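Below is one structure, written out as structure tokens, with a few remarks after it.
Nothing in this text is a laboratory measurement; each read-out follows from the coordinates by a stated rule. Just so it is clear, the structure is predicted and the values come from calculations on it, not from any experiment.
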Amino acid sequence: MAPKDHRRCVSCRRLAPRTEFWRVVRLAGGREVVWDRQEPRTPGRAAYLCPCAACLTEAQKKRRLERALKTPVPPTLWPQWWEQLAALCPQAAKEPSAVLSLDLETVAFTPDPSSRTEVES
Ligand SMILES: [Zn+2]
């Protein structure tokens with residue numbers, strides 16, 4: 001069991017005091033997901049993420065937050081986190097963000113060859 005007030009990052013599984021992480025909350029009784037930056041904490045199902053490029057990239061690519069919260073994460077949250085990261089450390093946030101957005105675009109717009117054959121025949 002984790003020590004009191006310690007949480008685990010959904011990406012790297014690092015255990016640390018919860019104040020070191022970003023807290024992402026699926027609001028109690030709903031499917032709305034918010035980035036919780038207030039005290040007292042917003043009640044609901046929470047997931048924690050290190051404020052670092054590696055964990056943010058991992059979470060985004062492998063849908064770690066979605067899995068932890070069992071609901072989609074609003075796409076508007078990702079740019080906010082990258083922005084926050086850029087504010088904390090411009091160098092760290094720059095590279096993975098560019099790579100990742102390219103990645104997602106490729107995945108979204110490359111037609112699946114098998115389904116294309118089906119449409120043409
Ligand atoms: Zn982490």
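For R45, which sequence-distant residues (separation of 5 or more, or a different chain) have an amide H within less than 5 Å of its own amide H, given hydrogens modelled in the peptide plane?
R26, A28
Rounded to whole Hz and in sequence order, give me ³J(HN,Hα) for the range 22-29 from the Karplus expression 6.51 cos²θ - 1.76 cosθ + 1.60, θ = phi - 60°, writing x for Gly and Pro.
Going residue by residue, I get 7, 9, 10, 10, 8, 4, 4, x Hz, with x marking Gly and Pro.
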